Amino acid sequence: MQKIFSITLLFFIVAIKVSAQLPVVTFTQWPSVTDTFRYPVLVTNCGDSREFVVERNGHIYIVDSLGNKLATQFLNIQALTDYASYNEEGLLGLAFDPDYKNNGYFYVNYTGSDASPGPTHIVRYSVSSTDPNVADPTSAYELLTFSQPFPNHNGGNLIFGPDGYLYDGQGDGGSANDPGNRAQNKKTFLGKILRIDPHAGTPYGIPPSNPFATDTSYYPEIWDLGMRNPWRFNFDRITGDLWIADVGQYTYEEIDFEPAGFIGGNNYGWHCREGLHSFTAGAGDCNGTVGLTDPIYEYSHTGGYCSISGGYVYRGAQFHDLWGRYLYTDYCKGILWSLLPDVGGTWNNDTLGQFLSNTYSSFGEDNSGELYICAHNSNKVFKISSNDCKPVAYIIEKDSSGICEGSSLHALFGSGLTYQWQSNAIDISGATSSEYMPISNGVYRIIVTKGACSDTSANTFITINPLPTVSFSIAGNDSVFCSNGAAVSLTGVPSGGVFSGAGTIGNTFSPNGLNVGNGVITYLFTDNNGCSNSATHNYIIQDCTGMGNINAISDVTVFPNPNKGDFSFSIQSVKSQEVILQVFNAFGQLLLQKTIAVNHGKTLEQIHLNPALPGVYRYTLKGNEVLRNGSFEVQ
């Protein structure tokens, strides 16, 4: 981000065709020409059709699926932020948990008003339990905080990677030239990209695959170092590649690239160098270019450029000519560029349009992959489009990877598009949505149509992998437990799965301390194909204080009934136990008493009653407590 946010410029929609082969791009004010946002720095989504717009002054607004900017803010933490129009501080980042639909967690990065300059705060919030369009302001849970030496180069980007970990970008802390050599300092968070696990540990965990997780000379949170201000970086949603736009000092801006599966640990060189060029080669930890990672692209400030604003790879379904291009701009010039890989490992940089400078600070991506751009000083957000009629037909599932039984194939989704799935180049009747559940192995593709234009995906050979057969057992085969009972072992088949549910700890179940009532134990197993299946076991927790046996007899049947004195008791129990059977005549005289070992499940006990005079008889099954009463008839 540029050092000072100040001049507000008017915007007009402009689209310049640079080359017949290049996209003709348009910026259209969004969600309408009357909607504005105060210093917008981010547009993102939570996995549904809503968009969330972050204002640097501490507000987050929702634009709903109908394109309406909601009047009520999703979150307002302006009082907590060290925000001013002339610096780079404030609410800078927002990321929704990958499991947001279930846990309601989201994370913000802001510089706080609790000190000056404002320290960085990375905080988890929860959505309201009663309104999905409002956050719970009392749910703040701080993961990480640290001081900032200056009110600029504060980074602030937050994003979850394909690995499920949370990435955070931090600038060198300002002011100019990295006076504290913080970007090369292994024991500071500044000038770094960090990676943490917010789902493990208190307040977070260190992913064991972090490059410096066991190297005590580094902070273990560090993923990359040697960065001046990685203001915005994002993952390609299709490939998993990481694209980093790092803001330069006086002369050069750079783009860094990490392919999917990269193990981290890159040193991008600041302040030893700026881009590919020596900056303070003899200072601090600088040792020429030894151990440094080169950017894939740089550009100079010649011509009035000042600060790179990245950037997403376009992966939407609407515009075929934008597909696969990494879009970025410069804060001072308003030119939209794109990077595309070329043969031989090089990159093509194309100019897609010159727009009136609106101090474009950041880009955004919605759930379907369409892109937006934030005009910081003019307080507007624009949606990016091209004039290409041809959509993008792409099947997300890959060749040979296979899918699990009952799973669907997914094509890119876009509004206004129609779909037709094919198997072996033949239309599949009724398969006209962006998803399709195949029932057999084969070659599949999809035709996507937008108006008069269409695109056909590559053929994808799909193997359907069966779900694993899963079961588990409980020691004793019990289903009823005392709330003060002992732990029992659990055995899953196949082994290697995970037990869950109240009272489960590893491969054991402890009823001790559980509330009286019903519960469920679940065993989830995932095989080598990534296919999962589960088994469940229902149980009952009872208060057994003062009881010798649990009231676990669920059903008793006497047959035949009526009988002539020879009959059987069928006893259904959810617990193995001993009970006492007593039989009384109509006058209350005890005629028979015996102890029966009742098994889990059904137990049959044959009875011979002698004498067997005609009449109605009463029976009782009991332990220390009466368990079951009933009657039968002798003819």
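Among residues of segment 451-478 that are over 28 Å from Thr536 (Cβ atoms), those with a Cβ under 9 angstrom from a residue that is of a type in the set (Asp, Glu) and modelled with pLDDT of 95 or more, sequence gap 6+ or separate chain, pair up as Cys453/Asp388.
For segment 362-476, give me every one of the strands (runs of 3 or more DSSP E) that falls completely inside it and has 3 or more residues that are modelled with pLDDT of 95 or more, under 28 Å from the mean Cα position of the chain (by Cα) and loosely packed, with under 15 Cβ neighbours inside 10 Å. I'd like the intermediate steps shown before the answer.
Working: elements: 371-375, 380-386, 418-423, 442-450, 453-456, 460-462, 471-474.
So the answer is none; nothing clears 3.
Counting only residues that are surrounded by fewer than 19 Cβ atoms within 10 Å (Cβ to Cβ), within 19 Å of Asp241 (Cα to Cα) and either touching a strand residue (DSSP E or B) at 6+ places or on another chain (Cβ under 8 Å) or not hydrophobic (A, V, I, L, M, F, W, C) (or both), segment 299-348 holds 9 of them. Looking at segment 378-395, can you tell me whether even one residue there is over 30 Å from Tyr61 (Cα atoms) and of a type in the set (Ser, Thr, Tyr)? Checking segment 378-395: at least one residue is over 30 Å from Tyr61 (Cα atoms) and of a type in the set (Ser, Thr, Tyr). Which of the residues belonging to segment 483-510 are surrounded by 18 or more Cβ atoms within 10 Å (Cβ to Cβ) and touching a residue at least 24 places away in the same chain (Cβ under 8 Å)? Scanning segment 483-510 gives Gly485, Leu490, Gly492, Gly497, Phe499, Phe509. Listed by position, the strands (runs of 3 or more DSSP E) inside segment 144-251 whose residues that are among the aliphatic types (A, V, I, L, M), within 22 Å of Asp294 (Cα to Cα) and in contact (Cβ under 8 Å) with a residue 60 or more places away in the chain number at least 2 are 242-246.
The residues on offer are Gly530, Gly519, and the sole one that is out of contact with any helix residue (DSSP H, G or I) (no Cβ under 8 Å at 6 or more places or on another chain) and in a loop (DSSP other than H, G, I, E, B) is Gly530. Considering Leu94, Leu10, Leu22, Leu66, the condition of being outside any loop (DSSP other than H, G, I, E, B) and either modelled with pLDDT under 95 or not β-branched (Val, Ile, Thr) (or both) is satisfied by Leu94 alone.
The values are calculated or read from the model by the stated rules, or taken from the named source; none is laboratory data. The shown structure was predicted, so the numbers you read here are calculated from the model rather than taken from an experiment. Cβ: placed from backbone, ideal geometry, glycine included. Neighbour counts: every protein chain shown.
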